[in-house]
Each structure stands twice: as C-alpha cells, then as structure tokens.
Amino acid sequence: MRTVVITGGTGLVGSALAELLLQERCRVIVYSRDLKHPPARPGLRYAYWDPAHGILEEDALLEADQVVHLAGESIAEGHWTAAKRQAIRVSRVAGARLLTESLAARRHHVETVVSASGISIYGDRGDELVTEAAGPGQGFLPDVCQQWETEILRMESLGIRVAVLRTPPVLTATSALLAPLRTLLRLGIAAVPGSGETWMSWIHLRDLVRVYSGALADAGFSGIFNAVSPFPVTIGQLSGALARVIKGRFTVPVYVPGVLLKLMAGEKGAALLTSTRASAAKLLRTGFEFSYPTIGGALEEIYDGRRADAETVSRPDG
C-alpha cells in the first residue's frame, strides 16, 4: 500500500485528490498549517507544517513513498497587497525548499514527487500556442512559478522522479472564475473581461486529479507538463458557453473594460487579461484521456450534473 503525503491537501484540488487516492487504496497524509482540519478517518491523517518558519513534522515525510506538493496561497482571493504577494511567493517557494532540504537531510524512501506549478509562468503570449519548451514570461507570477519549479526540480539530484504540472484555472461550480460570471448571468449580464479575445487555458477538476494520480502511478511520467484541456477557449467563448448552459441560450455579452478591471483589482485584475493558450500535446502523448476535453461538456457536468461521455482525445492540439 502506497503512502502519499499531500501538502495543501485541504484545498480544492488537494481534497479531491485525497479522495481519489483513498479510493485507489493509498494511505494519505495531509500536511496542513491549520490545526482545525477535518477529522482523520481510516487511511487519512494530518500532519503539521509551516513553510514560512521552516517547520515540518518529520515522521510524516519519513513514512511517505510519494509526495504531492500543492500548497500555495490563493491568488484569486483578496487584493495583491505587498503582504499578499509575499504570502503567494513564500507559500510556494519556501514550501518546495523545505521539502527538498528535509529530504536531502534524512534517510527516506520517497521515490516520486509531483508538484503543482502554473501556466502563468508563460506570462502574456497572445495567440501563441505555448509548449513546455517556452521560456518564462515577465512579471510577478512568472517569477514566482520559475522560483517554485527551480526548488522542486532540485529533488532530481536526490534520485527522486519529479513531475511538475503547470495548471490553469480549475473549473468547478465554486471556482473563482466561474462563480462571479454565473452570478452576473442570473442578473441577465453576460460579463466578458476585456475584449473577449484573451485566450484562457482551463481544466475540469476531475480531469486534473486524474492527471495527478496518473503522474504518481506512471514511472515514465517525469519532467514538466501543461496540465490543461486540449481545447483552450477565449474568455468570450467561455462566457458564451456558460450562458448557453445556465440560460439555455446565447446572451448578449457585456464587455468589462480592461482599464476598469485594473482599477478595481489592481495587478490581480490585470492578470485576468493575460492571454495564455497552453498546449496539451505532451500530456496527451502519455496516453492520458480527458473526460471533459471541451468547455461545453465541462460546464454541462458542473452545472447540470450531466456527465458527458468520455471523449478520447488522442491528437495534439494546434
């Protein structure tokens, strides 16, 4: 029976991944800073860590066969004050550094580490279809992601298989992207940030946790991957697809000027206008099959509860 340690295991992706791993008969240990975590249950327990202060409950790491690093301060909640920006950076970079240094200093049997990163590493790429070979963009989030990945990839020198999953916005009914758009739709407003032509890569939550599970199980799964749907959309296409699912018809869009977003939300608002069209070709070559490759099928499952038939996507995008 494998023992998998998950950092950030009480968050959206972490809690869903923990449930899937339990179904796969793994033992799961969740590292958390919150002492008021959900109650432990068979196969699942919690351990304390605090990356900002270099604190980690060692026994949990020494039990691990595999580690998933998901911990990170939310970039969607709150304004990006100086303190918020520091929390975003420290939670990712210091957390990865603490794991690396702890594994380097101790005898352990961790064979695999799978870490989150973000497609925000690419920055604003316009209409370009971006592969994993592309260099980082400019700005705060690309810089954070680059430091984050550098720390994680240091583990390869310890003889550990490392996989880095660059993730886009994850679609669920409560996601920071969909929830406000749905609220406005109920008021008859199909809001579209900016011109509507900004490209947005995305992935359904269920597909993402299956990618993590596959990366843990497949010994050949190493290196950096874009964990994205093979069919990215523009923000205008997303708004239109959401209107059809929620309202049953196309709704005339209301464009929210980019300058207004920047005034209301500062750098976070500007990030909404960052165009990133990431390629899923490398992930598809591993044999992974998406259950929700298209935005329409994903939104129907999320809001109507209709499980789209699994669509086998065997060709690279682009």
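The values are calculated or read from the model by the stated rules, or taken from the named source; none is laboratory data. Here the structure is a predicted model, which means the values were calculated and not measured. Ideal geometry is used to build each Cβ from the backbone, glycine not excepted, and the neighbour counts take in all protein chains shown.
Considering the conditions (1) surrounded by 16 or more Cβ atoms within 10 Å (Cβ to Cβ); (2) assigned to a loop (DSSP other than H, G, I, E, B); (3) modelled with pLDDT under 85; (4) not aliphatic (A, V, I, L, M), S314 is excluded by exactly one of them, (1). Scanning the stretch 166-194 for residues that are outside any helix (DSSP H, G or I), in contact with a helix residue (DSSP H, G or I) (Cβ under 6 Å, 6 or more places away or on another chain) and either at pLDDT below 85 or not basic (K, R) (or both) returns P168, V170, L171, T172, A173, A190, A191, V192, P193, G194.
Residue under question is E111, and the condition is that it be surrounded by fewer than 21 Cβ atoms within 10 Å (Cβ to Cβ), in contact (Cβ under 8 Å) with a residue 24 or more places away in the chain and within 23 Å of V228 (Cβ to Cβ); does it hold?
Considered against the rule, which asks whether it is surrounded by fewer than 21 Cβ atoms within 10 Å (Cβ to Cβ), in contact (Cβ under 8 Å) with a residue 24 or more places away in the chain and within 23 Å of V228 (Cβ to Cβ), E111 comes out as no.
For the stretch 14-51, a residue qualifies if it is among the small types (G, A, S), part of a strand (DSSP E or B) and over 20 Å from the mean Cα position of the chain (by Cα), and exactly one does: A47. Of the residues making up the stretch 21-56, those that are at pLDDT below 95 and of a type in the set (D, E) are D34, D50. The number of residues in the stretch 44-68 that are surrounded by fewer than 16 Cβ atoms within 10 Å (Cβ to Cβ) and either under 21 Å from S117 (Cβ atoms) or small (G, A, S) (or both) comes to 2. Of all residues in the stretch 69-85, at least one satisfies being aliphatic (A, V, I, L, M), surrounded by fewer than 17 Cβ atoms within 10 Å (Cβ to Cβ) and touching a residue at least 40 places away in the same chain (Cβ under 8 Å). Does S91 meet the test of being of a type in the set (S, T, N, Q), within 14 Å of T7 (Cα to Cα) and at pLDDT below 95? So S91 fits the description; yes.
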